[in-house]
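A.B. asks: Before I ask anything, let me first share the structure, which is written out below as structure tokens.
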Amino acid sequence: GAVVSQHPSWVICKSGTSVKIECRSLDFQATTMFWYRQFPKQSLMLMATSNEGSKATYEQGVEKDKFLINHASLTLSTLTVTSAHPEDSSFYICSAGDRGLAWGNEQFFGPGTRLTVL
Amino acid sequence: SQQGEEDPQALSIQEGENATMNCSYKTSINNLQWYRQNSGRGLVHLILIRSNEREKHSGRLRVTLDTSKKSSSLLITASRAADTASYFCATALDSNYQLIWGAGTKLIIKP
């Protein structure tokens, strides 16, 4: 149980295009989802927290108009990188949790999406 | 922001030896978690230790938590080549889900 999937696993796009990344909880209801960004050989950087049915809370320095997050259902959150540029190239990871479960604070992570913007 | 600092940044040992990684943090926490990440892959949750716990075991993993020193250690006994990965600690400050991540320790197990 507690499986989180991400799609696509990797994407290459041209500068100026928008890219949508999906994060799905496959066997539980994810009341909260997190989006992280990870640069090579570095730790995770939290970008935003989204609760189902409400607007995402963005971390300081993360442009909400650049990184659009939609958490429209209890099993799906999407991150759209709008007008992507080479500096947006990174590894994007989502995680999900369910407040209703006895797992406490445990988050379940997707396998990540590697975005390369040419 | 990161509050966790991990040491060493990199550790290379022979297969069969024990590996110890440390994590320090700055503020009071609700719990501390350890994760593993294989190169270019997602994270795998290893163990969660709550602020009122001092030690936890899971298979070959042993985690300790010293809240007075604001530090934790992860011990992997009898290491295997498959343990080669980056290991991250993450702290939860309260009962919400937000985690603050350490910089990670890159562990290399030489066969």
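All of the numbers you see were taken from the coordinates with simple rules; none came from a lab. Nothing here was measured: the structure is a model prediction, and the numbers come from that model. With ideal geometry, Cβ positions are generated from the backbone for all residues, glycine too; neighbour counts draw on all protein chains shown.
A.B. asks: When only C-alpha pairs under 8 Å and at least 6 residues apart count, what is the relative contact order of the stretch A:1-73, in percent?
C.D. replies: With pairs under 8 Å counted, the relative contact order is 22 percent.
A.B. asks: For B:ILE49, B:ILE108, A:ILE21, which order do you get if you count the other beta carbons within 10 Å of each Cβ and list the fewest first?
C.D. replies: B:ILE108, B:ILE49, A:ILE21
A.B. asks: Starting at the first residue of the stretch B:60-77, write each ³J(HN,Hα) from the Karplus equation 6.51 cos²θ - 1.76 cosθ + 1.60 with θ = phi - 60°, in whole Hz, x for Gly and Pro.
C.D. replies: 8, 9, 9, 10, 10, 9, 10, 6, 6, 9, 6, 8, 9, 10, 10, 10, 10, 8
A.B. asks: Arranged by the count of other C-beta atoms within 10 angstrom, fewest first, what order do A:GLU22, B:GLU6 take?
C.D. replies: By the 10 Å Cβ count, ascending: A:GLU22, B:GLU6.
A.B. asks: Given a Förster distance of 25 Å, report the FRET efficiency between A:LYS66 and B:GLU5 from their Cβ-Cβ distance, rounded to the nearest 0.05.
C.D. replies: Details: r = 29 Å, r/R0 = 1.18.
Once the sixth-power term is evaluated, E becomes 0.25.
A.B. asks: Right, something else. Between B:ALA78 and B:GLU53, take the C-beta separation as r, use R0 = 25 Å, and let me know the FRET efficiency to the nearest 0.05.
C.D. replies: My answer for the efficiency is 0.60.
A.B. asks: How much of the DSSP beta bridge set in chain B is antiparallel, as a percent to the nearest 5?
C.D. replies: That works out to approximately 85 percent antiparallel.
A.B. asks: Okay, moving on. Give a residue-ordered list of calculated ³J(HN,Hα) values for the stretch A:2-8 (Karplus: 6.51 cos²θ - 1.76 cosθ + 1.60, θ = phi - 60°; whole Hz; x for Gly, Pro).
C.D. replies: 6, 9, 10, 10, 10, 9, x
A.B. asks: Can you tally the lysine pairs in the protein assembly as shown where the Cα-Cα distance is under 12 Å and the two residues are eight or more apart, or on different chains? It would help to have the intermediate numbers written out before the result.
C.D. replies: On the way: A:LYS20/A:LYS66; A:LYS41/B:LYS106; A:LYS55/A:LYS64; B:LYS26/B:LYS69; B:LYS26/B:LYS70.
Going through the protein assembly as shown pair by pair, I get 5.
A.B. asks: When only Cα pairs under 8 Å and 6 or more residues apart are kept, what is the percent relative contact order across chain B?
C.D. replies: 39 percent
A.B. asks: For B:ASN38 and B:ASN18, FRET efficiency with R0 = 22 Å and r from the beta-carbon atoms, rounded to 0.05?
C.D. replies: With a Förster radius of 22 Å, E is 0.60.
A.B. asks: By counting other Cβ atoms within 10 Å of each Cβ, how are A:PHE108, A:PHE91 ranked from fewest to most?
C.D. replies: Result, fewest neighbours first: A:PHE91, A:PHE108.
A.B. asks: Treat every Asp and Glu Cβ in the stretch B:19-84 as -1 and every Lys and Arg Cβ as +1, leave all other atoms uncharged, and give the resulting dipole magnitude about the Cα centre to the nearest 20 debye.
C.D. replies: So the magnitude is around 40 debye.
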